[in-house]
Amino acid sequence: MHQSPISDLQSPISNLQSPSNGKTFAEKALARAAGLREVVAGQIVDAVPDVVLSHDNSAAIIKIFRALGVARVKHPERVVIVLDHAVPAPTTQHAQNHAEIRQFVEEQGIEKFFDVGRGICHQVVSEEALVLPGQLILGADSHTTHYGWLGAFGAGIGRSEVAAIWATGELWLRVPESIKIIVEGELPRGVTSKDLCMRIIGDLGADGGLYASVEFHGSAISKMSLESRMVIPNTMAEFGVKNAYLPPDEMVFEWLAQRVELRVRSSEFGASSELQSAIRNLQSKIANDALYPDPDAHYIATHHYDATQLEPYVTCPHRVDNVKPLSQVRGTRVHQAFIGTCTNGRIEDLAMAAEILRGKKIARGTRLIVIPASSQVLNDAIARGYIQTFIDAGAVIGVPGCGPCMGNHLGVPAPGEVTIATMNRNFRGRMGTRDAEIYLANPAVVAASAIVGAIADPREV
């Protein structure tokens, strides 16, 4: 695509120079995490994360941690481990990895551990309200950018870096420069936040936000549902960003408060007075700790989008920035459709797909895999009748988790086959088969394509 949006481009500032007194979200968040009064883009800081996340790759991280010669995790209360990438274990090696992780969790007293079936790490951590606005979460998963929907600084890091945090409790980070994306208006019928993300990446390229902090602002963002907002920072990992940020509002605060209350009620606070006090303290922190950029903060680029002018898009093989309008790829033969992942496996996504599939059958020669992002989403989908709708249409329902997204479990395509999916990546071999093609689209487009047996416009199905 690579069509330029309306943009105000500025020259990148040199390291450690602050052209204004105003601070971006990234500068404020990393200053807080480093215990400093202020920092500037380009500065290296020793940051202390509030949460450090890992998943099935924890088995490899444990080996690195052991090699450091450290016996105990410094802050086990900040560690979150979720088994989600290969669940249930598809091979003996995966089962062994899971067994080693469970043993490590018990040995180290790590309480925030979620075993097979609870769901995808980013969905689970959000549902459990383990990350709050203004906090720093570092994770051994590139889509840790996800937590920007909460107004948190989320960044993916390597396995060795996670092991280092387990051992020391901190990690050095370079404060990223910031890019502002302003989206005004309201998305048209049939157009989703995923389409917005695809358009941005198609316009600006897969490396357009490389190591940047990308902030989203504008009336279109504030009008979105929370689940639609979650898609944006998650997908921005494909834009090359260090983190992505959406300003948290009352909808976010209320959503978190409800989940914090549920978590606290099931915690160690037994006495009523202690329980209510803990709930009040946690709820007040949610809004009070939120961070917002200053009006005069410096951005290396500003891009403007009119949401009313967007349309459904499809990302074509084999690059995330090979984006085309849906109308240009309609009719492309589809062998497999997949709805799920940390990008689009929530109840809003399943509702969108169920509306398209209700009373219809999947095309002969095409299969549909549906995997809810978490056990909570699965329960909700069952209660609303969506799962029955999918089964009646001929879909296969998977265990909450990543499924075929990374190509090592449940739904690997055959050579020469075409998959259309709601996932976030489509590079060659991503789903486990190098000689297969992956198209990316919103859940309604994927559902419609499963019915037709070819890429289809849901507005016409």
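Of everything in the stretch 345-356 that's of a type outside the set (D, E, K, R) and in a helix (DSSP H, G or I), which residue is surrounded by the most Cβ atoms within 10 Å (Cβ to Cβ)? Among those residues, the one meeting the criterion is 353.
In summary, residue 269 fulfils each of the numbered conditions (1) modelled with pLDDT of 95 or more; (2) out of contact with any Lys or Arg (no Cβ under 7 Å at 6 or more places or on another chain); (3) assigned to a loop (DSSP other than H, G, I, E, B); (4) surrounded by 14 or more Cβ atoms within 10 Å (Cβ to Cβ) with the single exception of condition (1). Would you confirm whether any residue within the stretch 135-148 is outside any helix (DSSP H, G or I), out of contact with any Lys or Arg (no Cβ under 9 Å at 6 or more places or on another chain) and hydrophobic (A, V, I, L, M, F, W, C)? Yes, there is a match, as at least one residue in the stretch 135-148 is outside any helix (DSSP H, G or I), out of contact with any Lys or Arg (no Cβ under 9 Å at 6 or more places or on another chain) and hydrophobic (A, V, I, L, M, F, W, C).
From the list 359, 416, 365, the one residue that fits, being touching a Gly at 6+ places or on another chain (Cβ under 7 Å) and either at positive phi or assigned to a loop (DSSP other than H, G, I, E, B) (or both), is 365.
With respect to the conditions (1) farther than 30 Å from residue 61 by Cα; (2) surrounded by fewer than 24 Cβ atoms within 10 Å (Cβ to Cβ); (3) modelled with pLDDT of 95 or more, residue 170 falls short on a single one, namely (1). Mind listing whichever residues of the stretch 70-102 are more than 22 Å from residue 407 (Cβ to Cβ) and either assigned to a helix (DSSP H, G or I) or basic (Lys, Arg) (or both)? Result: 72, 74, 76, 77, 78, 99, 100, 102. Hey, could you check the stretch 430-446 for residues that are part of a loop (DSSP other than H, G, I, E, B), at pLDDT 95 or above and of a type in the set (A, V, I, L, M, F, W, C) and say which is surrounded by the most Cβ atoms within 10 Å (Cβ to Cβ)? Once the filter is applied, the top-ranked residue is 441. Looking at the structure I just gave you, is residue 291 under 26 Å from residue 30 (Cα atoms), in a helix (DSSP H, G or I) and out of contact with any strand residue (DSSP E or B) (no Cβ under 8 Å at 6 or more places or on another chain)? When the stated conditions are applied, residue 291 does not pass them. Could you give every pair whose Cβ atoms fall below 8 Å, whose first residue belongs to the stretch 188-207 and is closer than 19 Å to residue 226 by Cα, and whose second residue is surrounded by 22 or more Cβ atoms within 10 Å (Cβ to Cβ) and among the basic types (Lys, Arg), counting only separations of at least 6 or pairs across chains? Within 8 Å, the pairs are 193/229.
Pairing residues of the stretch 338-359 that are at pLDDT 95 or above with residues that are among the acidic types (Asp, Glu) and surrounded by fewer than 24 Cβ atoms within 10 Å (Cβ to Cβ), at Cβ distances under 8 Å and at least 6 apart in sequence or on separate chains, gives 346/227; 347/227; 347/380; 348/227; 349/227. Hey, among the residues in the stretch 373-410 that are of a type in the set (Gly, Ala, Ser) and surrounded by fewer than 21 Cβ atoms within 10 Å (Cβ to Cβ), which one's farthest from the chain's Cα centre (by Cα)? Per the criteria, the residue is 394.
Residue 456 fulfils the conditions (1) of a type in the set (A, V, I, L, M, F, W, C); (2) under 25 Å from the mean Cα position of the chain (by Cα); (3) assigned to a loop (DSSP other than H, G, I, E, B); (4) buried (at least 24 other Cβ atoms within 10 Å of the Cβ) except for a single criterion, (2).
How many residues are assigned to a helix (DSSP H, G or I) and in contact with a strand residue (DSSP E or B) (Cβ under 6 Å, 6 or more places away or on another chain) if we restrict to the stretch 46-69?
If we filter the stretch 46-69 for residues that are assigned to a helix (DSSP H, G or I), which is where we start, we get 58-67.
After this cut, where a residue has to be in contact with a strand residue (DSSP E or B) (Cβ under 6 Å, 6 or more places away or on another chain) as well, the list is 58, 61.
Selection size over the stretch 46-69: 2.
Do we have residue 184 as at pLDDT 95 or above and not assigned by TED's automatic domain parsing to the domain that holds residue 238 here?
Details: at pLDDT 95 or above: yes; not assigned by TED's automatic domain parsing to the domain that holds residue 238: no.
The answer is no for residue 184.
Under the condition of being closer than 18 Å to residue 82 by Cα and surrounded by 24 or more Cβ atoms within 10 Å (Cβ to Cβ), the residues counted in the stretch 144-162 number 7.
Of the helices (runs of 4 or more DSSP H) that lie entirely inside the stretch 193-266, those containing 3 or more residues that are under 15 Å from the mean Cα position of the chain (by Cα) span 193-204, 226-235.
Residues are listed down the side, and each one gets a yes or a no for (1) at pLDDT 95 or above; (2) farther than 17 Å from residue 49 by Cβ; (3) touching a His at 6+ places or on another chain (Cβ under 6 Å):
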| site | (1), (2), (3) |
| --- | --- |
| 84 | yes, yes, yes |
| 97 | yes, yes, no |
| 102 | yes, yes, no |
| 125 | yes, no, no |
| 136 | yes, no, no |
| 142 | yes, no, no |
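Matching residues to (1) of a type in the set (Val, Ile, Thr); (2) under 26 Å from residue 115 (Cβ atoms):
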residue: 336; (1), (2): no, no
residue: 341; (1), (2): yes, yes
residue: 365; (1), (2): no, no
residue: 372; (1), (2): no, yes
residue: 381; (1), (2): no, yes
residue: 387; (1), (2): yes, yes
residue: 390; (1), (2): no, yes
residue: 394; (1), (2): no, no
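Residue 451 meets the conditions (1) part of a helix (DSSP H, G or I); (2) closer than 23 Å to residue 86 by Cβ in every case but one. The failed one is (2).
The values are calculated or read from the model by the stated rules, or taken from the named source; none is laboratory data. Predicted, not measured: the structure shown is a model, and the values here were computed from it. Note: ideal-geometry Cβ built from the backbone for every residue, glycine included; neighbour counts use all protein chains shown.
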